[in-house]
1. Name every residue in segment 128-143 that is touching a residue at least 12 places away in the same chain (Cβ under 8 Å) and of a type in the set (D, E), in order of residue number.
2. Here are A355, A351, A320, A375: which of them is within 27 Å of R397 (Cα to Cα), at pLDDT 85 or above, of a type outside the set (S, T, Y) and not assigned by TED's automatic domain parsing to the domain that holds R259?
3. Among the residues that make up segment 258-274, is at least one of them under 30 Å from V160 (Cβ atoms), out of contact with any strand residue (DSSP E or B) (no Cβ under 7 Å at 6 or more places or on another chain) and aliphatic (A, V, I, L, M)?
4. Step by step: first the residues of segment 411-469, then only those that are of a type in the set (F, W, Y) and surrounded by 15 or more Cβ atoms within 10 Å (Cβ to Cβ), then the one that is modelled with the lowest pLDDT. Which residue is that?
5. What residue, among those in segment 303-332 that are among the β-branched types (V, I, T) and buried (at least 16 other Cβ atoms within 10 Å of the Cβ), is farthest from I366 (Cα to Cα)?
6. Do any helices (runs of 4 or more DSSP H) entirely within segment 85-195 hold 2 or more residues that are polar (S, T, N, Q) and touching a helix residue (DSSP H, G or I) at 6+ places or on another chain (Cβ under 8 Å), and if so, which?
Amino acid sequence: MNSAGLLLLALLIVLGNGLRSVVTSTVSISQGSFASFLSISVEATTMLIEQLMGAVLLSLLLAPWLMQRFRTDPLAVAMTLLSIAAAGGLAVLFFLAPPVDIRVAAVAVLFPLLGFGLATLAPISQRWIDRAEGERHRKLMLGAWSVAMPCAFLITPQLVRVVAPRYGLDVFFLGFAGILLSFLFAMGLLRMRDAPRTGAAAPPMQGGMLFAALMALFSFQLVTFLISVEGLRSALVMPAAGLMVVCLGWLIRVWRRARAQAGNASSTGGGRQMAGLFLMLFLLNMATTGFYDNAFMVRHLCSNTLIADRATISALAQVAATLLTAAALRWGVSQSLLILLGVGLSLAGLASYMAYPGLLVPGYGIETENLLFIASRSVTGAGVGMALTAAIFAVDRLAGTDTRAPLFLAFVVILGTEVGLEAMEVLGQAVMLARDTTSPPYLMFFLLQAMLALLSLSGLFLRDRRASGQPQPA
């Protein structure tokens with residue numbers, strides 16, 4: 001593959017893993033706009049994010065199964081066409097501005113469809129990494145895949161700030177559909193056969209395991225939907241929660257049976273290390289959802305410009321940390337050391353959220369408050385970028401010839417974000433009911449986020465004792 005082909009491949013990989021983050025961050029940055037358009041409170045926009053995350057989780061869960069049965073290029077084309085239709089529908093919706101009931105119903109359908117289509121491109125683009133010739137080019141493509149998500153978080157806030165106020169969200173989503181059309185054109189220029197990794201092929205995903213996982217996911221989404229719409233007082237919440245527990249128990253039983261039939265291969269040191277990395281990613285993304293600190297700023301009457309600039313600077317810090325981490329791994333720096341440093345930075349940033357005005361401290365000057373808002377999120381973003389990048393390279397190394405395990409990286413990241421949002425919402429509703437207040441307990445949210453970041457360090461201890469003393473470069 002020549003230089004032009006490598007550049008085009010890198011562009012496809014970046015877009016494939018980054019486009020879903022553009023949509024997710026659009027909702028986070030435009031909470032006020034969506035709340036006004038749908039005639040709901042700012043906090044209620046979490047339902048929109050939950051629906052989007054649910055569709056993304058479903059897509060990422062089905063993607064490995066679909067990729068075992070279809071070639072990646074036709075699958076990518078189909079999902080891109082689905083995303084174009086959904087983005088175009090949102091553009092028409094925001095342009096026509098129909099009655100509120102129709103708006104809510106249309107958004108409830110189109111956003112999950114958009115998230116489903118775009119999320120499938122993440123593992124597909126991850127599989128495209130193996131098309132690069134040579135280990136050096138492959139590592140470069142893996143670095144491009146790693147930096148895609150923070151790049152999306154970097155670009156989106158400014159796009160939303162510039163496009164939405166001047167031209168409206170209809171133009172924004174119309175332009176997004178145009179980007180997806182360009183993505184289709186680029187795929188047509190770079191048509192080649194899938195290049196699987198050498199070595200033993202990964203065993204196909206069992207239908208029983210997939211069905212059990214889908215049932216657990218659907219029951220989880222049912223519980224979250226009922227809590228968001230009806231509240232904790234709903235009589236339907238407890239039966240739905242019971243169903244979720246049963247489905248989770250069934251999933252664990254099926255998983256244990258499958259592991260026993262596979263000869264308990266996951267008991268190796270590498271298996272424990274990979275499980276520890278997934279646990280770390282899950283807990284760290286639970287802690288860094290980015291929703292409630294944005295909601296706090298909206299309630300604190302911060303300007304949209306400040307919120308967008310804060311998100312942009314944070315994403316810039318995350319991009320810089322991602323690139324520096326990839327370079328450090330190339331120089332042979334320990335992956336465990338970089339993960340530890342990244343989690344430590346995230347913990348420091350999350351802990352500083354508790355110093356926001358009106359929580360532990362009554363208030364500061366406006367300049368000090370703005371600096372605190374930006375600096376805290378930037379430190380958190382840098383830590384997440386460092387830990388996530390080091391973990392991606394570590395999982396890729398531990399997976400070896402197993403092409404399936406790395407495909408669940410994006411699933412674990414999104415699952416952690418979704419579970420974090422839901423746990424915070426349930427806890428917040430319980431506290432507000434107990435205190436008989438309508439003000440969310442932001443101090444408790446921020447304290448819990450810091451504790452989750454600290455707890456994520458426990459994943460680093462799940463490793464074979466004989467291998468733990470020898471850090472390996474990427």
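The values are calculated or read from the model by the stated rules, or taken from the named source; none is laboratory data. Given the structure is predicted, the values throughout are model-derived calculations rather than measurements. FYI the Cβ positions are ideal-geometry reconstructions off the backbone, even for glycines, and counts take in every protein chain you see.
1. D130, E133
2. Details: A355 fails: within 27 Å of R397 (Cα to Cα); A351 fails: within 27 Å of R397 (Cα to Cα); A375 fails: within 27 Å of R397 (Cα to Cα).
It is A320.
3. No: segment 258-274 contains no residue that is under 30 Å from V160 (Cβ atoms), out of contact with any strand residue (DSSP E or B) (no Cβ under 7 Å at 6 or more places or on another chain) and aliphatic (A, V, I, L, M).
4. The qualifying residue modelled with the lowest pLDDT is F411.
5. T325
6. Details: elements: 100-128, 135-167, 169-189.
By residue number, 100-128, 135-167.
Each row is one residue, and each column tells you yes or no for (1) surrounded by fewer than 21 Cβ atoms within 10 Å (Cβ to Cβ); (2) over 19 Å from L52 (Cβ atoms); (3) in the same structural domain as Q51 (by TED's automatic domain parsing).
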| position | (1), (2), (3) |
| --- | --- |
| S83 | no, no, yes |
| L96 | yes, yes, yes |
| F111 | no, no, yes |
| G117 | no, no, yes |
| T120 | no, no, yes |
| P123 | no, no, yes |
| R127 | no, yes, yes |
| D130 | yes, yes, yes |
